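Down below is the structure, laid out as structure tokens.
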Amino acid sequence: MRLSDTNGAISFGLQRNQVAFDTANNTYDIQKANLERQIADAQIALRRAQLSADTTRADAAKQLEKIDYDLSSVDPTVDGSNTQIQLDSLRRQLERAEFDYQTKLTSDNQTLSGFLLTAKNIHTDIKNLMNDSIVESDKILGRTESRR
């Protein structure tokens, strides 16, 4: 074998190794870019998950506040609760109805007393009219001892 053949073989091997090195270097760059993209995607996914968790926590806190408010608004022992306001309104309506009922009873009793008094007056008037009729008819007819 000649030196030129050996040189050629070395040169060819060197070129082959250079191509293999360039290919490996390109593969490394591609894999590095893919890994960096995956890391960036994972960071974005992590940030989205954190935002979602924060939102869920905030929503849960608001829901708990609303539940607490709703519970306090129906608790009759809490001043200003809807239930207490409704109960107070119902009590006032009941008191007003009781007052109206008592007023109606008093009015009806007074009306009844007035009717009874009127009936007594009519009875007395009829009695007086009857007596007057008897006296006047006796004057005309002379049926009693004193008028004969």
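Every residue in region 98-136 that is among the β-branched types (Val, Ile, Thr) and within 29 Å of Ser146 (Cβ to Cβ), please. Explain how you work it out, then say what you get.
Within region 98-136, the subset among the β-branched types (Val, Ile, Thr) is 103, 106, 111, 118, 122, 124, 126, 134-135.
The answer is Thr124, Ile126, Ile134, Val135.
Taken together, the residues in region 70-93 that are surrounded by 11 or more Cβ atoms within 10 Å (Cβ to Cβ) and either in a helix (DSSP H, G or I) or touching a Lys or Arg at 6+ places or on another chain (Cβ under 8 Å) (or both) amount to 12.
None of the figures in this text is laboratory data; all of them are computed from the coordinates on show. Model, not experiment: these values are computed from the prediction. Using ideal geometry, Cβ is built from the backbone for each residue, glycine included, and neighbour counts are taken over all protein chains shown.
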